[in-house]
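Engineer: Okay, here's the structure, questions in a sec.
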Amino acid sequence: MRNPILIYALGGLGEVGKNTYCIESDKDLIIIDAGVRFPEDELVGVDYVIPSYTHLKDVNQKIRALFITHGHEDHIGAVPFLLKTVNVPIIYAPKLAIALIKQKIEDQKIKASTKFIEYSSDNPIKVGDFLVSPFRVTHSIPDSYGFCIDTKEGRVVTTGDFKIDLTPVGPDIELHKIAKIGEEGVTLLLADSTNASKDGWTPSEKNVLRAINDIFDRAEGRLIVSTFSSNVSRIQQILDCALKHERKCVIVGRSMVTAVECARKFGYIIFPDSYFKEVEDLDKLKDKETLILCTGSQGEAMAALNRIANGTFKGIRITPGDTVVFSSSPIPGNGVSISKVINQLTRMGAEVITNSILRDIHSSGHPSRIELKLNLKLFKPKYFMPVHGEYHMLKLHGDIAKELGMKKDNVFILSNGDTLMMENGVIEQGMRFQADDVYIDGYDINGVSTAVISDRKILQDDGMVSVLVFLDSKNSRLIAPVRVNTVGFVSYGTYENHLTRHASTQVEEGLNQLFASKHVTFNDIKNTVRSVVSKYYFRKTQRNPMIIPLILDKRGE
């Protein structure tokens, strides 16, 4: 009987985020990362998007461990939801990632028996059928790793998020280990594709330091800097500049506070205690000596920067002379939200600085095309599966591999749920598992159905119309005028009254016709109300509000 090794993604293909990759044998299964994707604007009220774990529930008895490459949300954010769904005996992760994951588990009050083990690149880890050897890479957070996984049927390598930064803020990428793994032979490579469309070489993180220092030199008033809370290297650079310019730092935003506390605990962020201040201390600080470090660089509705821009953050208001810096690049889909925040900050008198060609205040943590080529040259894989990227990114990365001489049939551009079967060093595409999106609202692992999302979208775009019908069902007749009310639909004064009055009349006419024609059920009444009102309002306004019939029945005596 054939027992190939299966390799597949439940998240991370055709999207930026939600990274969840699995390697499965006939007896054992390991998971690499468990990330979230942040919702687009059309996903109204959704906090996170996570993968469906249906397949993992079906094979729960095989799950041996979860391996974490690094501590970014798109790689660890779904760990609490995963632990609510399946039993994961051990989580292997770097020190900082463990601290961040434990905080998430505590926040959600999850009681799990999962054991945490910190790994390093010095010692391979034997888990069931698999031997996992970590190697260090450079990224925008300390302790980032890729994995070399040896199996009975071949070797799989995943890079995790990386870039080849020759002058990094932290430790060097272990190029010698990568080259050695390549010399020994790699059956399948999974590699980060986020910047596959960008030519050249991703700038070093140290390049950003000069731009940030220039902003500190020029700023006459308060400095408000927003970046990813998990971009620990960037936070350290900002704090280094603050110390050099003798600015005290106030940290706002829960995730930023947590990340800085964890990073300071392990020595990844170094900054004097006396230079950290609280929001309550702002009135005592001179503008020239103030730095506010906050979340919200992606325009998130509930993040600190958005609330500061809207004047709803207690203790902090924008004043003319403030300089606000976005030290990050927009995640695809967040451009509109970011623009709204920038406009509001500017309206309140702040100077807003974003990343541009002329001011490098952000450097990506992902490899551009030259680094992708070097990565492929060093690993020299027989087969290649681009990961971590939208479809066009995966396709471009696959084209790079073919440009370097890889056979077309050995490059797999897959979707979440597609599987590769590896046997005796040969790989072919196999079956498909369920890998739908699950929309998380709050902490409920059951998620929000697409029907609910659809309803929220209708309410957001077209509003709601409620129709109150007073009925004597025994005698099939109306006993009072129909009342029509609109919410979030039209508010044009006299015109609104005109629409609701005529809609009421049309509903009454439609129901009287219905009562005269046949024996009537409550479903018939509701369907008639919806049909009459939706047609009328669409004809008058070209909109499709949600129609909610409310029937009050007076039983005949």
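The values are calculated or read from the model by the stated rules, or taken from the named source; none is laboratory data. Remember, predicted model here, so these are calculated numbers, not experimental data. Here the Cβ is made from the backbone with ideal geometry for all residues, glycine too, and neighbour counts use every protein chain on show. All accessible areas refer to the heavy atoms of the entire protein, side chains included, with ligands and DNA or RNA removed. Shrake-Rupley method; radii C 1.70, N 1.55, O 1.52, S 1.80 Å.
Engineer: How far apart, in nm, are two points set 7 Å out from the Cα along the Cα-to-Cβ line at residue 166 and at residue 86?
Structural biologist: Here the modelled spin labels are 4.2 nm apart.
Engineer: Using amide H atoms built 1.01 Å from N in the peptide plane, name the residues 5+ places from residue 121, or on other chains, whose amide H lies under 5 Å from its own.
Structural biologist: none
Engineer: A further question on this structure: Tell me, what HN-Hα J-couplings in whole Hz come from the Karplus equation 6.51 cos²θ - 1.76 cosθ + 1.60 at θ = phi - 60° for each residue of the stretch 311-316, using x for Gly and Pro?
Structural biologist: Rounded to whole hertz, the list is x, 10, 8, 4, x, 10.
Engineer: Okay, next question. For the chain, treating each Cα as an identical point scatterer without solvent, what Debye log10 I(q)/I(0) comes out at q = 0.05 1/Å?
Structural biologist: Reported log10 I(q)/I(0), two decimals: -0.28.
Engineer: Any chance you could run the full-extension gain for residue 519 through residue 113? It's 0.36 nm times the residue separation minus the Cα-Cα distance, nm to one decimal.
Structural biologist: 140.1 nm
Engineer: Continuing with this model, one more query. If you take the C-alpha gyration tensor of the stretch 6-73, multiply each eigenvalue by 5 and take the square root, what semi-axes do you get, largest first, in whole Å? Don't skip to the answer; put the middle values down first.
Structural biologist: On the way: eigenvalues 119, 32, 19 Å².
Largest first, the stretch 6-73 gives 24, 13, 10 Å.
Engineer: In square nanometres, what is the average projected area of the Cα convex hull of the stretch 1-158?
Structural biologist: Across all orientations, the stretch 1-158 yields a mean hull projection of 9.9 nm².
Engineer: Efficiency by 1/(1 + (r/R0)^6): what FRET value for residue 551 and residue 261, r their Cβ-Cβ distance, R0 = 45 Å, to the nearest 0.05?
Structural biologist: 0.20
Engineer: Assuming R0 = 60 Å, can you tell me the calculated FRET efficiency for the pair residue 408 and residue 106, based on Cβ-Cβ distance, to the nearest 0.05?
Structural biologist: The formula returns an efficiency of 0.80 here.
Engineer: So if each residue of separation counts as 0.36 nm, and I subtract the Cα-Cα distance between residue 477 and residue 346, what length gain in nm does that give?
Structural biologist: 41.2 nm
Engineer: Hey, if you put +1 on the Cβ of every Lys and Arg and -1 on every Asp and Glu Cβ in the chain, which of 519, 374, 9 ends up farthest toward the positive end of that dipole?
Structural biologist: 519
Engineer: Still on this structure, I have one more. Solvent-accessible area of residue 283, probe 1.4 Å, all protein chains present, reported in Å² to the nearest ten, please.
Structural biologist: 150
Engineer: Please report the spacing between the Cα centers of the stretch 183-249 and the stretch 296-319 in Å, no decimals.
Structural biologist: Centre-to-centre (Cα) distance: 22 Å.
Engineer: Would you mind telling me the antiparallel percentage of the DSSP bridges in the chain, rounded to 5? Each step should come with its number before you reach the end.
Structural biologist: Details: 49 of 96 bridges.
For the chain, the DSSP antiparallel bridge percentage is about 50.
Engineer: Also: Taking the Cα centre as origin and putting +1 on Lys and Arg beta-carbons and -1 on Asp and Glu beta-carbons, what dipole magnitude results for the chain, to the nearest 20 debye?
Structural biologist: Charge dipole, the chain, about its Cα centre: 780 debye, nearest 20.
Engineer: Let me ask something else. Calculated from DSSP H runs of 4 or more alone, at -39500 (n - 2.57) each and per residue, what is the 222 nm mean residue ellipticity of the chain, nearest 500?
Structural biologist: -10000 deg cm²/dmol
Engineer: How much accessible area per residue does the chain have, counting only protein heavy atoms and a probe of 1.4 Å, in square angstrom?
Structural biologist: Normalised by residue count, the accessible surface of the chain is 44 Å².
Engineer: Next up: Could you order 472, 436 so the one with the most accessible surface comes first? Probe is 1.4 Å.
Structural biologist: Result of the area sort, largest leading: 436, 472.
Engineer: How much of the accessible area of the chain, probe 1.4 Å, is carbon plus sulfur, in whole percent?
Structural biologist: 50
Engineer: Determine how large the accessible area of residue 2 is when every protein chain is in place; take a 1.4 Å probe and give Å² rounded to the nearest 10.
Structural biologist: Roll a 1.4 Å probe over it and residue 2 shows about 140 Å².
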